[in-house]
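In what follows, a single structure is set out as C-alpha cells and then discussed.
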Amino acid sequence: MADARFFTTAGPFDLEQLALIADAEIRTISKQSTEFVDVATLFEATDKHISFLDNKSYANAFATSKAGACLVHPDMVHHAPEGMALLVTKQPYHGYAKVAEAFHPYRTFNAGVHPTAVIATSATLGTNVTIEAGTVISDNVVVGEGTRIGANSYIDQGVSIGSNCNIGPNTSLQYCEIGDRNILHSGVCIGQDGFGFALGPHGHLKVPQLGKVVLESDIEIGANTTIDRGTAPDTIIGAGTKIDNMVQIGHNVQIGKGCIIVAHVGISGSTKIGNFVMIGGQAGIAGHLEIGDGVQIAAQSGVMRNIAAGSKVGGTPSQPMKEWFRSIATLERLAKKKKG
C-alpha cells in the first residue's frame, strides 16, 4: 500500500470500473466490498483492496488472501478463496499496472522556471516546461513542451530534448539528442567521452570522440546509468528500450527497439544489439559483437561471441542455455563423486 507522504491516491473505484481499466472480465462478484480504495499485495490486502496473481509460486498466498478482489489468469481461478471478486485476464500483471496507475496517477509538476536556474539566452524552452532549482541550461539547448528537468541538472550546449520527458535531478546531458516521452532517473550521465585510446609503449593517446548519443522515444533509463557518445558513428538507443540502474553503455553501441537491460550490465564499444533483446543483471558484453533480435542473455553471463537471433545463452564464456545447464549439472555430479 502506497505511503500517502509520497503518492497521491485517486478512487475509490467499483469492480466494473476496475474491470474496464484492466481490460479484464468480472468472473466472481465480491460478497464483501463493492468499492475498492487501493491496490495491495496478496499478503497485506483487506476486503477494501485489489491485488493480483501473476506467478504460480504465490498460489497458496492467493488461496488464503483477504483481498476483496484480485486480477488473475484464467488457469488460476480455481485457487481463489470464497468471496473474493475475480477480474480474469491472460495478462494479470499488465492489468495490475493499469489499475495501480489509476489509483496512483504519476506525479505532475508545476510548470515554470525556478529563480535559481541558469538558462542561456539562446536556449529554447517549449510551453509548460518545468526547470527546477540549480539547473544549468547552456547555449542553443532545445527543450520540448511539457518536459521537466530536475534540480541541479546540467544540459550542455546544443543538446535537444523532446516533449513530455521527465529528466531526474543531478543528470548530465551533453552531445545528445533526446526523443519524446523519455524518463531519465537521478544521476544519469549521457554523452560523456567514450573510453577510446590509441595504446602505445610510451603512453596512450586519447582519440577524439566526435559522435553523439541518440535516444529515440519512450525510453526509460535508471539511476546512475552512463551512456558514452560515439567516436564517429553515434551511440543509439532504440525506441521503447528500458535500461535499469548503473548500466554502462560504451561508445558506438547500437541498441534496438524494446530491449530490456537489467542493472550492472556493461556493453563494450561498437557492439550492435537487435530488437527486443533481454540482458540479465551483471552481464558483460565484449566489443564489436552482433547480438540478434530476441536474444536472451542470463544474468552474470560473459558474452564474447556474436549471438544469432532468438538464442538463449548463459555462463562465462556464454553458451547456449541448454549446454550451460548441462555443464553445470556435470560439474555438480563430478563434485559429488569426488566427495564420495
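Each reported figure results from applying straightforward, stated rules to the coordinates on display, with no laboratory input. Owing to the predicted nature of the structure, the values given are computational and were not obtained by experimental measurement. Cβ atoms come from the backbone with ideal geometry, glycine included; neighbour counts cover every protein chain shown.
Of note:
- Annotation: of all residues in the range 171-225 being assigned to a loop (DSSP other than H, G, I, E, B) and among the β-branched types (Val, Ile, Thr), the one that is farthest from Ser153 (Cα to Cα) is Val207.
- Any hit, the range 316-325, residues being assigned to a loop (DSSP other than H, G, I, E, B), in contact (Cβ under 8 Å) with a residue 12 or more places away in the chain and crowded, with 17+ Cβ neighbours inside 10 Å: yes
- Looking across the range 193-240, the residues that are closer than 22 Å to Lys257 by Cα and among the charged types (D, E, K, R) come down to Lys212, Glu216, Asp218, Glu220, Asp228, Arg229, Asp234.
- Selection status of Glu44, closer than 22 Å to His94 by Cβ and in a loop (DSSP other than H, G, I, E, B): yes
- Selection count, the range 251-264, where residues are surrounded by 23 or more Cβ atoms within 10 Å (Cβ to Cβ) and under 18 Å from Gln192 (Cα atoms): 4
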